[in-house]
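Here is the structure we will look at, set down as C-alpha cells.
The values are calculated or read from the model by the stated rules, or taken from the named source; none is laboratory data. In this text, all values refer to a predicted model and were calculated from it rather than measured experimentally. For neighbour counting, all protein chains shown are included, and Cβ atoms are generated from backbone atoms with ideal geometry for every residue, glycine included.
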Amino acid sequence: MKTLRVVLVALLAAVLTIGVSVPAAEAAKPATPTGLKVLSTSTKAVSVGWKSVSGASRYRVQYATSTDFSGAKSASVDAAAADVGGLSAGTTYYLRVRVIDADGGALSNYSATLKVKTRASGYTQLAPLGLKATASKTTSVTLGWSSRGSGIRYRVSYATKSSFADAVYRRQTSTSQTLNGLRPNTTYYVKVRVITADGGNLSAYSPAITVKTAAMTAPKGLKVTAASKSALAVSWTTVAGAERYRIQYAKKSSMAGAKYARFSGGSAELTGLSGGTTYYLKIRVITPSGINLGPYSSAVKANTATASTASHLPPTGLTASASAPGKLSVSWKSRGSGLRYQVQSSANAAMSSPKTLTSSGTTATVSGLDAATTYHLRVRVVTAAGAALSGYSPTKTAKTRSDKPVELRVASYNVTCANCFAGRPNEGTWYERRDAVVATVKAQKADVIGFQEASQGWLKDSAGKPVSKAQFEDLVERLGSPYKVTNKHRNNCVKSTTPTNCVYQDQGASQGTKIVYNSARLTLVSEGSKRLAKVKETDPDRYVAWAILEDKDSGRRFLFANTHLEHHADAGGSSAYFDLRVTQTREALALINAKRQGLPVYFVGDFNSHKWTVPANGPYDVLAGAGFIDPLGNTYRSTKTTKGAIVEKRIRTNFSSFNNFAAKAPSFSYTNGTYLDYIWVSAGIDVPEWETVVKVDANNHFVGRIPADHNMIRVTTRLP
C-alpha cells in the first residue's frame, strides 16, 4: 500500500505540474491596442487609427450601433489604421480594436471603446491616409499619401504655424506633391484633403504632419582679404539661394563675448575693431529677418593691422570701361570724406612699370593708353603727399577701344508662335517652318536678334502630347553655336520650366520675347526684363527684354532692347488699346533709360502699330519724340517722303514687315512698306544698310516655305 501511495502521489504531482504550465504563445500575448481615435468622418464612413502594438501584424476593428456590440460587424487590417465604410449617415457608432493572428484568432483583449458619429450631410469622402514626406531638400519637400480612388483630386495645405495661419495651397491629381520655394531649415505643417475638380471640399483634412526642410550648408572659403588698424575685409563663397549671412566674430577662439553683423552678397567689412588684435570669425546663412538657416562655418583667424600705412581698408567697387580709344574711365567707392586716391594701370598682370595718377574724388580717366589693349588697374588711399594709407584694391581688367569702326548686324524677327497655328493657307506648323526660319537667320549673319513669339510654352509631338522643350529653346538649338540666348528661363517662377503651381520669382524671363546673340563676337554683360502694363488681367503678358553686350574686339558696349506690344484692336470708339501701346512704349523707354549707362541703344520689336494706324502711330511718336531714330524715315502716312531717314542702302524696304502667310509678299510702289516691326537706334549709330528679308520671285511670290507671318528685318550699323 505504501508503494501504491507513493506512485499515486507522484502521478498527481505530474498531472498538477502539467496543468499549471503556461503555453509560450500565451506568455507572449500582445498588448491591448491603445490610443484609438477618429482620423476623419464622412456621411458613410469613419477613419480611425491607434498606436501600433509591438509584434502585431494584423488587427480586427469591431463596430456596432450599440455599446454592448450586439449585431457587431468587423474588419481586418494590416496597419494601425482602418476605414470603416458602409455606414449610415448621422448615426452613432461604437468601435474597438484588438490584435489577431493570420487566421483571425484573437491575440489580445479589445481596446477601450471609441464613440463616433458619421456626418449627417456634407463630406462624402474620408480624408486621405498615410501622409508623409518622402524627400526633403533645402527649398523643397516631396509628399506622398494613400489614394482615395481613381479620378480623385486633392488639395495640400502647408504653413509654418500649427494653426495654419497664412497657409499656402496646392492642387494635385496624383498622390504625391513636391512643394517648392520653401525656406531652408524650417518646420512646415502639412495636411491634405479630397476636393472636386473645381475645388469644392469632399473631405476633411487629414491629421497634420510636420516636415522639415534641410539646412543650408555653411558658407565655404571664408577668408580675410584685407586688414586695417580698425577693420577687416572678408569674403566667402556664396551659397545658392542664400539672401543674408551672419558673421560672428570675437577675440577668443571659444567665441566668448562674440559680436554679430549681417550682410548680403559674398563679401563684407567688419569695422570698429581694435588695432593689432587677433580675431576669430565664423559665418552662417540666415533669413532677412535673422532666422538661422544652417550651421556656422569653421572659424578663421586674422589680425588687425598696426602700421600707419593701413589706417584704411583698400577701396572697393573698382570698375573701368573704355570711354574712347586710348582711354579708360575708372571709378570706385569712397573710403571717407577728404581722402585722396592713387590709381595704377599696367598692360601686364604683374603691374610692372605702371602708369600712376592721383585723384581727390572717386573717379579718374586714364589716358595715353594703346588702343584695343587690355590693362590691369588698382587703387589705394594715399595722403596728399602720396604716402600709402591703405593697401591696393584687387586688380580689375579693362580693354581700351579700338580706333576702328565697329560694324554690327542687328535684326528683329517675329517667328510666329508654335501654338498659334490656325491652318491658314500657306501656313505651316512650327515643325514645318522652323528650318526656313533658321536658314533665314543664318543667311543674314546677324550679331544680335530680337525674336518675338519664340514661345516659352512646351512644344507638342506628332500625337499632340507636350514635350519638355520650348519653341525658343528649339530655335536656339537649331541655330547652333555661336548663337546663345541672353536669358534661358521660360517663366518667372522658382521652378522656371513650368507656370504650373508657380511661386513667383523674377528670373528675367520674358516669355516669347527673346534676345539671341553671336557669342563668338559679343560678350553678355547683363540682362533682364520688365512686364508691361495691360488693359485686362486676361490680356497676354507683354515684356521688354534688355541686354548689355560688349564687342570682344573693341571693348565697345551697347544696350539692346526687344519688345512685343499688345496686338488687340479697339472697338466701339474705345482707345484703350491704342493708349496701352503708348503706355507700354513709355514703360519700355523708361527701362532703357534706367539701364543704358550712356551707351548706344538699339530698340527693336513688333510694336503692333504702323503708319496707317488710326488715330496715329503712337509708339512711333513716343520714340521719335525721345530722340530715337527710325533709319527708314517711315513716318505717318508717308509714301514718297522719308523724313529723318539715315539708311544709306535699301534692300526691299518697299515690302511690308507683316505678310500674314500670303502667297504674294505685300509690297508697294513707294519707298517704304507698312511696318509693324521696327529697328530703332539712338543718335550717333550709323546705318549703312537695311534689308527687309523676303525670298520672292519676279512676281513677288514667296519661293519655298514661308518662314513666318512676319518678315525678318535686318540692318548693318556702325557704333559711334
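A few points about this structure:
- Checking each residue in the range 291-309 for being modelled with pLDDT of 95 or more, over 35 Å from the mean Cα position of the chain (by Cα) and buried (at least 16 other Cβ atoms within 10 Å of the Cβ) picks out Ala302, Thr304, Ala305.
- Candidates are the residues of the range 130-147 that are modelled with pLDDT under 95 and crowded, with 18+ Cβ neighbours inside 10 Å; the one that is nearest to Val194 (Cα to Cα) is Thr139.
- Of the residues making up the range 453-471, just one is closer than 14 Å to Tyr431 by Cβ and of a type in the set (Asp, Glu), namely Asp461.
- Boolean, Leu408 is within 30 Å of Gly704 (Cβ to Cβ) and of a type in the set (A, V, I, L, M, F, W, C): yes
- Of the candidates Gly633, Gly598, the single residue that is touching a Gly at 6+ places or on another chain (Cβ under 6 Å), assigned to a loop (DSSP other than H, G, I, E, B) and surrounded by fewer than 22 Cβ atoms within 10 Å (Cβ to Cβ) is Gly633.
- From the options Pro540, Pro466, residue that is modelled with pLDDT under 95, assigned by TED's automatic domain parsing to the domain that holds Asn593, under 22 Å from Thr585 (Cα atoms) and more than 17 Å from the chain's Cα centre (by Cα): Pro540
- The range 642-657, residues that are surrounded by fewer than 21 Cβ atoms within 10 Å (Cβ to Cβ), in contact with a strand residue (DSSP E or B) (Cβ under 8 Å, 6 or more places away or on another chain) and farther than 10 Å from Leu632 by Cβ: Glu648, Lys649, Ile651, Arg652, Asn654
- Flag for Lys611 being under 23 Å from Val687 (Cα atoms) and surrounded by fewer than 17 Cβ atoms within 10 Å (Cβ to Cβ): no
- Any pair with Cβ under 9 angstrom, 6 or more apart, that starts in the range 469-482 at a residue that is on the phi < 0 side of the Ramachandran plot and ends at one that is modelled with pLDDT under 95 and of a type in the set (Val, Ile, Thr): Ala470/Thr497
- The strands (runs of 3 or more DSSP E) found entirely in the range 242-309 that carry 1 or more residues being among the acidic types (Asp, Glu) are 267-270.
- Residues (closer than 20 Å to Ala133 by Cβ and polar (S, T, N, Q)) located in the range 174-204: Ser174, Thr175, Ser176, Gln177, Thr178, Asn180, Asn185, Thr186, Thr187
- Every pair of residues 6+ apart whose Cβ atoms lie under 7 Å, when the first sits in the range 407-430 and is not assigned by TED's automatic domain parsing to the domain that holds Ala547 and among the small types (Gly, Ala, Ser) while the second is surrounded by fewer than 23 Cβ atoms within 10 Å (Cβ to Cβ) and in a strand (DSSP E or B): none
- Boolean, Gly528 is in contact (Cβ under 8 Å) with a residue 60 or more places away in the chain, in the same structural domain as Val448 (by TED's automatic domain parsing) and within 22 Å of the chain's Cα centre (by Cα): yes
- Residue match in the range 157-169 (condition: outside the structural domain of Ala302 (by TED's automatic domain parsing), part of a strand (DSSP E or B), surrounded by 18 or more Cβ atoms within 10 Å (Cβ to Cβ) and at pLDDT 95 or above): yes
Residues are listed down the side, and each one gets a yes or a no for (1) out of contact with any His (no Cβ under 7 Å at 6 or more places or on another chain); (2) surrounded by 17 or more Cβ atoms within 10 Å (Cβ to Cβ); (3) without any contact (Cβ under 8 Å) to a residue 40 or more places away in the chain; (4) assigned by TED's automatic domain parsing to the domain that holds Ala387:
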| residue | (1), (2), (3), (4) |
| --- | --- |
| Leu313 | yes, yes, no, no |
| Gly326 | yes, yes, no, yes |
| Ser367 | yes, no, no, yes |
| Ala371 | yes, yes, no, yes |
